[in-house]
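Reviewing the structure listed below.
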Amino acid sequence: MNRWLDMLRSQYNYLLRDRNDSYDQVKAPRLGSYCDLKSGGEACPLTCSVSKNHSVGYPWKSSNKNPRRSAYEAQSSSLPTLKKQRPWYKEIHSTVLQQTLRQLDVAFSKFFKGETGYPKPKRRSRFRSFKYAPGQVKLDGDKIYLPGIGWMGFYNSRSIPEGFNLKSVTVRRKARGWFVSLQIEDKTVPIPSVTGKNEIDPQNVKGCDLGIKKLVSLSNGKTIANPAKTKSFRCKERRLELRQRAASRKKKGSKNRGKAYSRVASLHERIANNRSAYHWDTANKLVDGADALIFEDLNIKAMKSRCKPRPNKNGSYDRNGQSAKRGLNRSISNAAWGELVKKIEVVAAKSGIPVIKVNPKHTSQRCPKCNHTSKENRKKEKFVCTNCGHYDDADVNGAVNIKLRGLKKLGIDPIQLPPVRGKVTPTEITATNVVVPGNPHPSKGGEVQ
């Protein structure tokens, strides 16, 4: 399987280079074209071997309606030639080679749709799986048959329910060994219909504000803790730091260095598995009893970008806060907001619950009562409106604003505004502190309950 991955990665990068040459040739100014006598494809005199879409494979097929092959079809037609020229590729099952070409074709399709960036060559550390087409893999209890490899034992962690058919199978290499992922399907299970506008109760709509100290804050006042802030997670982070430090001190190229980094990767995987399990549990909690879920449309990549340099008159640079921002970036990565939202969308789709994303601008500074927006309304974890005196937890207040924007996007008028959790008079609010009724020491920082 390790040999398969190396050969598949080489084939992926080779065909990617072929498409890159074709893509560059299309963008370049053309000086005319001619037909290649060997392949019958149209080529440019500048490169002499590059057609409009590809150079590997035969570009024409016998069909009269659509005689020209797509890039995927043409590159797939080159597989028999590949096995003749490089006989060691014969040990790889044909469907596995085809699925690798399909993976490259999907990457380009997403690029042209604007969903992802331009496909890049795969490194060994980033190419760890291969895939079988439906109807190829067989199961027999705790044994599995992989075409081209044979029967082998595996730990069946989850049995396939009755009525489901086995579809595509993915074999993946991880730090703790090899894993197989089985995709199953049951066409008799009805697809849940998405909840319509008339079926949504505004009281059952949940506005969700993603954070660091609290992973999710809901518009109904409830919060979900962030596991990255627990003592057990901090212990794992410290253990990971020690293992990374020990591995970096090993001699490069030695077996001890490889073993040390294997232990680092194993701990990374356990942390990722724990985080993923917590996210699935959180997703089920949020979907339970909800008619719709509203989130902020966050640009997480931009939030973790580096601070802009600050040049001064002396020709050097002033401090821009990048050192302090490293901790914030690490906390955002540990929270994994993007992965959490993806899991919530999967769970919500099974129940037919819509997931709406709204503009996050000023959600933490706007008062849901009087619509007054100001930076002075928020002070760390507290929110106190300087206009009407409404106060609340800052994250919960943001979740309420997210819910109101989501209802407006759905075209639903809220039946009742969220209840007032507290109120102070505007004369009691100053720029330096917040005076809370019942707190005799405002200078010591009264917690808003």
Using beta carbons and a limit of 6 Å, which pairs, at least six apart or on different chains, have the first residue in segment 242-254 and in a helix (DSSP H, G or I) and the second one of a type in the set (D, E, K, R) and surrounded by 10 or more Cβ atoms within 10 Å (Cβ to Cβ)? 243/263
So, in segment 320-350, of the ones that are out of contact with any helix residue (DSSP H, G or I) (no Cβ under 6 Å at 6 or more places or on another chain) and under 17 Å from residue 292 (Cβ atoms), which residue ends up surrounded by the fewest Cβ atoms within 10 Å (Cβ to Cβ)? 350
Members of segment 215-232 found to be surrounded by 17 or more Cβ atoms within 10 Å (Cβ to Cβ) and closer than 15 Å to residue 275 by Cα, listed by number: 215, 216, 224, 226, 227, 228
Can you say whether residue 205 is assigned by TED's automatic domain parsing to the domain that holds residue 380, touching a helix residue (DSSP H, G or I) at 6+ places or on another chain (Cβ under 7 Å), more than 28 Å from residue 327 (Cα to Cα) and surrounded by 13 or more Cβ atoms within 10 Å (Cβ to Cβ), as far as the supplied structure shows? yes
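The values are calculated or read from the model by the stated rules, or taken from the named source; none is laboratory data. Computed from a prediction, not measured in an experiment: that's the story for all the values here. Methodologically, a virtual Cβ is constructed for each residue, glycine included, from the backbone with ideal geometry; neighbour enumeration extends over all protein chains shown.
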